């Protein structure tokens, strides 16, 4: 691991390849799992604020779950996340294209200029997962078998995780931090650890 401004980044972020391949996975990360997308407190507030704008774009089931349980929940690990269907299932903000590919209604509204919030940062950063501690963030690669095609495509294109996730990493930590991460990546290429 390497420390970049109190963000402890696992070497896999620099060494492993990844590039989402929606044509293969169909957005399964939005519709499978035992919890929703991790949320920051401010993101939960933002989602409540924009809900009236995106509500009619949600699935019928998504609306019903939100009406009963709200937009967020505490998962089995005690973390704040988006609400999902049942104990395992889709995020309430997931919608589907005709071919069955899941997409985020929040991001679609952002793309259409209806809102200025793109989506939770945890979604934007996936497959990176961040765990906050009192004095640092642990920045790790979350390996999930549904993303095996993303690994294959990343290797084919020779795109490392930190390169694939440049935009969300800058969104989360800033451009100066990302530039430091690039320097660290170059160092790691030259120095086997």
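Some notes on this structure:
- Residue match in the stretch 104-112 (condition: part of a loop (DSSP other than H, G, I, E, B), modelled with pLDDT of 95 or more and assigned by TED's automatic domain parsing to the domain that holds residue 32): yes
- Residue in the stretch 66-85 that is assigned to a loop (DSSP other than H, G, I, E, B) and over 19 Å from the mean Cα position of the chain (by Cα) present: yes
- Helices (runs of 4 or more DSSP H) fully within the stretch 121-193 counting 2 or more residues that are modelled with pLDDT of 90 or more, more than 15 Å from residue 4 (Cβ to Cβ) and in contact with a strand residue (DSSP E or B) (Cβ under 6 Å, 6 or more places away or on another chain): 148-157
- Some residue of the stretch 46-56 being assigned to a loop (DSSP other than H, G, I, E, B), modelled with pLDDT of 90 or more, farther than 30 Å from residue 190 by Cβ and not assigned by TED's automatic domain parsing to the domain that holds residue 142: no
- Filtered residue count, the stretch 94-118, keeping only those that are closer than 18 Å to residue 72 by Cβ, touching a helix residue (DSSP H, G or I) at 6+ places or on another chain (Cβ under 6 Å) and in contact (Cβ under 8 Å) with a residue 60 or more places away in the chain: 3
The values are calculated or read from the model by the stated rules, or taken from the named source; none is laboratory data. Note that the structure is a prediction, hence the values are computed from the model and not measured. For neighbour counting, all protein chains shown are included, and Cβ atoms are generated from backbone atoms with ideal geometry for every residue, glycine included.
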